[in-house]
Amino acid sequence: IQWCTGGAHACIASFFSYETTKSVVVKSWTLGLINRIVQLLILAYFIGWVFLHEKAYQVQDTAIESSVVTKVKGSGVYNKTIMDITDLVSPPQVSDTFHLDTLGPLIHFHLHFLCQLFLPLFPPFNPLVCLLPGIMTGRCVNSSNSVDSFCEVKGWCPTENDTVTTSPIMEVENFTIFIKNNIRFPMFGFAKGNLQPDITQDFLKTCSFHTQDNIYCPIFKVGDVLRFAQQDFYSIAKHGGVVAIKIGWVCDLDKSEEFCNPSYSFVRLDKKNNVSKGYNFRYAKYYKAENGTKYRTLIKAIAIRFDVIVYGAARKFNVIPTLINIVAALTSVGLGTVLCDIILLNFLKGAQQYKAKKFEEVEEEELEKQTMKLTSTLDSIVD
Ligand SMILES: Nc1ncnc2c1ncn2[C@@H]1O[C@H](COP(=O)(O)OP(=O)(O)OP(=O)(O)O)[C@@H](O)[C@H]1O
């Protein structure tokens, strides 16, 4: 826009002009000092923050590959019956998610049978059908009084009684969880596990993880996990819940392998609400009597679900980001000149003279004339 203020001719002339840099040495202590301070600040930023703190000379791999194997041990008493991990832990081959039943199971012994349920025979009828514990046969006993009307349902009998209350199995608090986690950073071909290379059977049998005192023990007490996640065992055991055991692998692979270790953190993932408190699920164990009658034991398990979540990032020196950041640092050092130019051309005494010295316009014909003049002077000297 500035080029074109002088009309179309000036606009075209400006477009086809070439700007070249010209070095003007300004002997000013103030400017010199400002220039050096700005350069120093930029260098300090790149060395201190970009290279040392952010480690911009490294490449990062966050695509961690991981396998988790868990094993729970412990036993408790419910209704004078000993219950161990095969009764309380599911699924039996546990990996990164497993459930630990905490409440005495609500057990219903069921027969595959025909049972009669009371059903109101006037609208609204349909919503109830969805909640039926079986299939309606279509046989109904109608009465003028709806309280005496029955419809037949084929299903497992007797129907579940949800009013039965049980108390938590307190021994679960002392159950132990063994977590075996192996990881790999494919970009660097680096693999490691959470079991230290010098770990012994005796250590495994006796140790218990602690966030400060025992960070290399892979055995976690349920009560400790809940405490680290700031949860009270009794209240989570009563309604069930979901707890995450997070394993973080943040590794600087420029250092020795022994410095690449997991860090554990614990958090409850489900949020409490009034309609659906905690976590529960149903499953059944099936039997068949000699006469062919099918039985099942229906169990409504109120459980703590443990999710083992593995995350991580590894970094290692690489030439390409190092070169890119060195070039960025050197280019940025030139920013000091820009600041000094602004001060020089606008705020210093004699700014107009500096402008005149810095920006000089040279016409092509004028240059040619000057060259010819110089050549003829030289010729005359030679003659
Ligand atoms: N939940 C746990 N609590 C305490 N120790 C455990 C637990 N799970 C495993 N261990 C111990 O850790 C070690 C390695 O377990 P691993 O399952 O690999 O071997 P194992 O001989 O099959 O274990 P076990 O037969 O005792 O279940 C064993 O000494 C085992 O007793």
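The values are calculated or read from the model by the stated rules, or taken from the named source; none is laboratory data. Note that this is a predicted model, so its numbers are computed, not measured. Because the Cβ atoms are built from the backbone with ideal geometry, glycine has one as well, and the counts that use them run over all protein chains shown. Ligands, DNA and RNA are stripped out before the accessible areas are found, and what is left, the full protein with its side chains, is counted by its heavy atoms. Shrake-Rupley method; radii C 1.70, N 1.55, O 1.52, S 1.80 Å.
Observations on the structure shown:
- Listed by chain and number, the aspartates and glutamates whose C-alpha is less than 14 Å from the C-alpha of Lys22, apart from same-chain residues fewer than 8 away, are Asp341, Glu360, Glu361.
- Peptide packing for 271-278, 303-310, 49-56 was compared via the average number of neighbouring C-beta atoms within 10 Å per residue; ordered from the highest value, the list is 303-310, 49-56, 271-278.
- Here the chain has an Rg and Dmax of 40.1, 141 Å, counting Cα atoms alone.
- Calculated mean residue ellipticity, 222 nm, the chain: -8000 deg cm²/dmol, from DSSP H runs (n ≥ 4) at -39500 (n - 2.57) each, averaged per residue and rounded to 500.
- The portion of the accessible surface of the chain made up by carbon and sulfur, rounded to a whole percent, is 59 (1.4 Å probe; DNA, RNA and ligands excluded).
- Other residues whose C-beta falls under 14 angstrom from the C-beta of Gln196 contribute a net charge of -2, scoring Lys and Arg +1 and Asp and Glu -1.
- Rounded to the nearest whole angstrom, the semi-axes of the ellipsoid equivalent to segment 212-255, taken from the Cα gyration tensor as √(5λ), stand at 28, 12, 8, largest first.
- Kirkwood hydrodynamic radius of segment 325-383, Cα pairs, Å: 15.3
- Unit Cα scatterers, Debye sum, segment 13-61: log10 I(q)/I(0) for q = 0.14, 0.26 Å⁻¹: -0.66, -0.95
- Each listed q (0.24 Å⁻¹) maps to a log10 I(q)/I(0) for segment 45-89, found by the Debye formula over equal Cα scatterers with no solvent: -0.85.
- D_trans [Stokes-Einstein, Kirkwood Rh over alpha-carbon pairs] for segment 182-326, 37 °C, 0.692 mPa s, µm² s⁻¹: 172
- Taking only the C-alpha atoms of segment 181-252, the Rg (one decimal) and the largest Cα-Cα distance, Dmax (whole number), read 15.2, 46 Å.
- The protection proxy used here, the mean number of other Cβ atoms lying within 10 Å of each residue, ranks peptides 167-179, 31-43, 363-375 as follows, highest first: 167-179, 31-43, 363-375.
- Hydrodynamic analysis of segment 137-224 uses the Kirkwood radius over alpha carbon pairs. Inserted into Stokes-Einstein at 37 °C and 0.692 mPa s, it gives a translational diffusion coefficient of 171 µm²/s.
- Take the Cα of Phe188, go 7 Å toward its beta carbon, and the backbone nitrogen atoms of segment 224-255 under 19 Å from that spot belong to 247-255.
- Once the 1.4 Å probe is applied to the protein heavy atoms, the chain comes out at 66 Å² accessible per residue.
- Sorted largest first, extent of segment 288-337 alpha carbons per principal axis (Å): 97, 22, 12
- Taking the average, over residues, of other Cβ atoms within 10 Å as the packing measure, peptides 18-25, 282-289, 156-163 rank 156-163, 282-289, 18-25 from highest down.
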